[in-house]
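Take a look at the structure set out below.
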Amino acid sequence: MTLHEVYIGHVMGCPHCYAPKNRYCTDGAHVRADYLAAYLMELEPTVAKSLMRAEKRDNPSLFPGVADRVRELQAEQVVQEDLANG
Ligand SMILES: [Zn+2]
């Protein structure tokens, strides 16, 4: 299952989450941050940055969780590059 499917599966089945209003329970916010952060990592840095600015503006309560997850993924990526470079 992809992170997107995990996210959609949670939101569709959860009585507390309502994506159109960006309302999420703790678990929902977590799977959303995982999915969104992984997606952002795939994008051009300038595009990812503009999406992060939009997230901060539109979802200020959700933004910190996404930013934390992006930082974790970036740290993992740096570690992987260090490994690849020996
Ligand atoms: Zn939920």
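The values are calculated or read from the model by the stated rules, or taken from the named source; none is laboratory data. Keep in mind that this is a model prediction, so the values were computed, not measured. All Cβ positions, glycine included, derive from the backbone under ideal geometry; neighbour counts span all protein chains shown.
Give all pairs with beta carbons closer than 6 Å in which a residue from the stretch 8-22 that is more than 9 Å from the ligand (Cβ to nearest atom) meets a residue that is of a type in the set (V, I, T); count only pairs at least 6 apart in sequence or on separate chains.
Qualifying pairs under 6 Å: A19/V11.
For R57, indicate whether it is at pLDDT 95 or above and loosely packed, with under 12 Cβ neighbours inside 10 Å.
yes
Among the listed residues M1, M41, which satisfies the condition of being of a type in the set (A, V, I, L, M, F, W, C) and either without any contact (Cβ under 8 Å) to a residue 24 or more places away in the chain or in contact with a Cys (Cβ under 8 Å, 6 or more places away or on another chain) (or both)?
Every option except M1 fails the conditions.
Counting just the residues of the stretch 8-38 that are among the aromatic types (F, W, Y) and either modelled with pLDDT under 95 or more than 10 Å from the chain's Cα centre (by Cα) (or both), which one comes out nearest to A75 (Cα to Cα)?
Y24
Restricting the first residue to the stretch 45-69 and requiring it to be outside any helix (DSSP H, G or I), which pairs with a second residue that is surrounded by fewer than 16 Cβ atoms within 10 Å (Cβ to Cβ) meet a Cβ separation below 9 Å and a spacing of at least six or different chains?
N59/N22; S61/N22; L62/N22
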